[in-house]
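Take a look at the structure below.
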């Protein structure tokens with residue numbers, strides 16, 4: 001059985017300043033900070049950190065330290081695995097042989113990470129999650145499962161979920177699909193973090209979007225006519241897409257709070273009830289945690305707090321969708337999904353769109369760490385219909401100004 005890869009502790013990663021390309025060389029990973037685009041004269045490289053390709057706005061608010069982080073890269077995954085994922089999720093027979101070998105492996109990864117109890121786990125995710133996602137192997141599942149069971153409590157009854165076929169003896173020889181790879185990777189993060197005492201009381205929520213173009217000839221995500229979207233999610237960071245027709249928000253995540261329907265069913269079935277309402281009327285699991293799914297917070301794992309992601313997928317006709325948005329709860333706790341997508345509409349570029357979202361949340365009094373990421377799709381700049389939340393936003397702005405004046409008096 002293969003031994004799990006040993007990695008430095010999260011605290012050591014928080015102190016590192018190496019670039020992702022250096023990590024790539026050290027590990028032999030194939031992920032990049034650019035996306036390849038096919039032209040009549042060959043491939044060109046478009047940097048993901050261009051404000052016209054992926055827009056990011058990030059601020060610590062009134063907090064003394066930053067616990068929000070994010071990451072994006074282009075992964076190189078097995079085309080047969082991607083083919084299996086597309087077939088299982090959408091019933092589509094995608095043929096990777098119709099595009100070049102390099103482009104058939106190309107998947108763009110975008111993640112937002114919201115730390116709590118410190119920044120160690122969210123910084124670890126920023127530096128490592130994309131690399132782990134690319135390098136995770138089915139052969140590590142049996143040993144990883146043994147470690148998961150050793151957490152005790154809730155996980156003594158854990159049967160593996162989508163990992164179950166690789167736990168049997170002999171294990172399955174099937175390829176991983178993207179849901180299984182995401183689940184394996186999120187659990188692997190907790191295993192890696194378990195060597196650092198910091199991770200007992202420090203954690204992070206995470207939402208990851210994977211964009212895989214199905215076009216032939218190959219096209220990048222921002223112009224793809226047929227795009228497979230996979231979202232792996234733990235906690236209350238959020239992912240949504242904005243439609244061209246009417247500019248409506250389509251959520252790809254649900255907050256994993258203890259009183260949410262999916263989570264309350266899961267936890268009551270396995271753990272009974274440990275839901276406590278605090279003095280502000282907020283429900284907290286074990287009287288301490290807002291989120292019942294997260295990475296890190298290892299001392300709570302045996303009580304049902306899981307890193308197992310909820311995975312949702314959607315096959316996009318690219319020209320019907322304007323952009324994808326990822327936000328931390330420093331924004332989603334202030335703004336509705338509809339307000340978030342309306343703020344991004346008609347922006348000249350994704351960076352400006354992300355900044356508009358962030359700035360407005362802070363104008364309304366947001367004090368938390370906050371992150372907004374805007375990823376353009378083929379319908380960028382083509383939204384039809386009125387801005388539905390414009391009047392509401394103006395009213396909220398006036399109210400916020402009045403409240404601020406009263407506070408200063």
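Suppose the filter is within 22 Å of the chain's Cα centre (by Cα), surrounded by fewer than 15 Cβ atoms within 10 Å (Cβ to Cβ) and either on the phi > 0 side of the Ramachandran plot or assigned by TED's automatic domain parsing to the domain that holds residue 122 (or both); does residue 336 pass it? For residue 336, the condition - within 22 Å of the chain's Cα centre (by Cα), surrounded by fewer than 15 Cβ atoms within 10 Å (Cβ to Cβ) and either on the phi > 0 side of the Ramachandran plot or assigned by TED's automatic domain parsing to the domain that holds residue 122 (or both) - is met. Taken residue by residue, region 320-329 has at least one member that is touching a residue at least 60 places away in the same chain (Cβ under 8 Å), buried (at least 22 other Cβ atoms within 10 Å of the Cβ) and part of a helix (DSSP H, G or I). Residues that are assigned to a loop (DSSP other than H, G, I, E, B) and over 21 Å from the mean Cα position of the chain (by Cα) were ranked within region 351-377; the one that is surrounded by the most Cβ atoms within 10 Å (Cβ to Cβ) is 366. Might you check whether a residue that is on the phi > 0 side of the Ramachandran plot and either over 20 Å from the mean Cα position of the chain (by Cα) or part of a strand (DSSP E or B) (or both) occurs anywhere in region 232-246? Scanning region 232-246 turns up at least one residue that is on the phi > 0 side of the Ramachandran plot and either over 20 Å from the mean Cα position of the chain (by Cα) or part of a strand (DSSP E or B) (or both).
Among the residues of region 127-138, is any modelled with pLDDT of 95 or more, surrounded by 24 or more Cβ atoms within 10 Å (Cβ to Cβ), part of a helix (DSSP H, G or I) and touching a helix residue (DSSP H, G or I) at 6+ places or on another chain (Cβ under 6 Å)? Yes: region 127-138 contains one or more residues that are modelled with pLDDT of 95 or more, surrounded by 24 or more Cβ atoms within 10 Å (Cβ to Cβ), part of a helix (DSSP H, G or I) and touching a helix residue (DSSP H, G or I) at 6+ places or on another chain (Cβ under 6 Å).
Every residue, every condition in (1) under 21 Å from residue 70 (Cβ atoms); (2) in contact with a strand residue (DSSP E or B) (Cβ under 8 Å, 6 or more places away or on another chain), yes or no:
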{"site": "310", "(1), (2)": "yes, yes"}
{"site": "324", "(1), (2)": "yes, yes"}
{"site": "332", "(1), (2)": "yes, yes"}
{"site": "341", "(1), (2)": "yes, yes"}
{"site": "353", "(1), (2)": "yes, yes"}
{"site": "366", "(1), (2)": "yes, no"}
{"site": "373", "(1), (2)": "yes, yes"}
{"site": "376", "(1), (2)": "yes, yes"}
{"site": "379", "(1), (2)": "no, yes"}
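Within region 158-170, the set of residues being over 20 Å from residue 233 (Cβ atoms) and touching a helix residue (DSSP H, G or I) at 6+ places or on another chain (Cβ under 6 Å) comprises 166, 167. Quick one: how many residues across region 86-109 are assigned to a strand (DSSP E or B) and in contact with a helix residue (DSSP H, G or I) (Cβ under 8 Å, 6 or more places away or on another chain)? Number of matching residues: 2.
In region 70-92, the residues that are farther than 22 Å from residue 102 by Cβ never reach a residue that is at pLDDT below 95 and surrounded by 22 or more Cβ atoms within 10 Å (Cβ to Cβ) with C-beta atoms less than 8 angstrom apart, at least six apart or across chains.
Which count do you get for residues in region 151-178 that are on the phi > 0 side of the Ramachandran plot and either without any contact (Cβ under 8 Å) to a residue 40 or more places away in the chain or in a helix (DSSP H, G or I) (or both)?
So the answer is 3.
Each row is one residue, and each column tells you yes or no for (1) farther than 25 Å from residue 307 by Cα; (2) free of Cβ contacts under 8 Å to residues at least 60 places away in the same chain; (3) surrounded by fewer than 22 Cβ atoms within 10 Å (Cβ to Cβ).
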| site | (1), (2), (3) |
| --- | --- |
| 180 | no, yes, no |
| 210 | no, no, no |
| 239 | no, no, no |
| 257 | no, yes, yes |
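The values are calculated or read from the model by the stated rules, or taken from the named source; none is laboratory data. Predicted model, so just to flag it, every value in this text is computed and none were measured. Note that we place each Cβ from the backbone using ideal geometry, even for glycine, and neighbour counts take in every protein chain shown.
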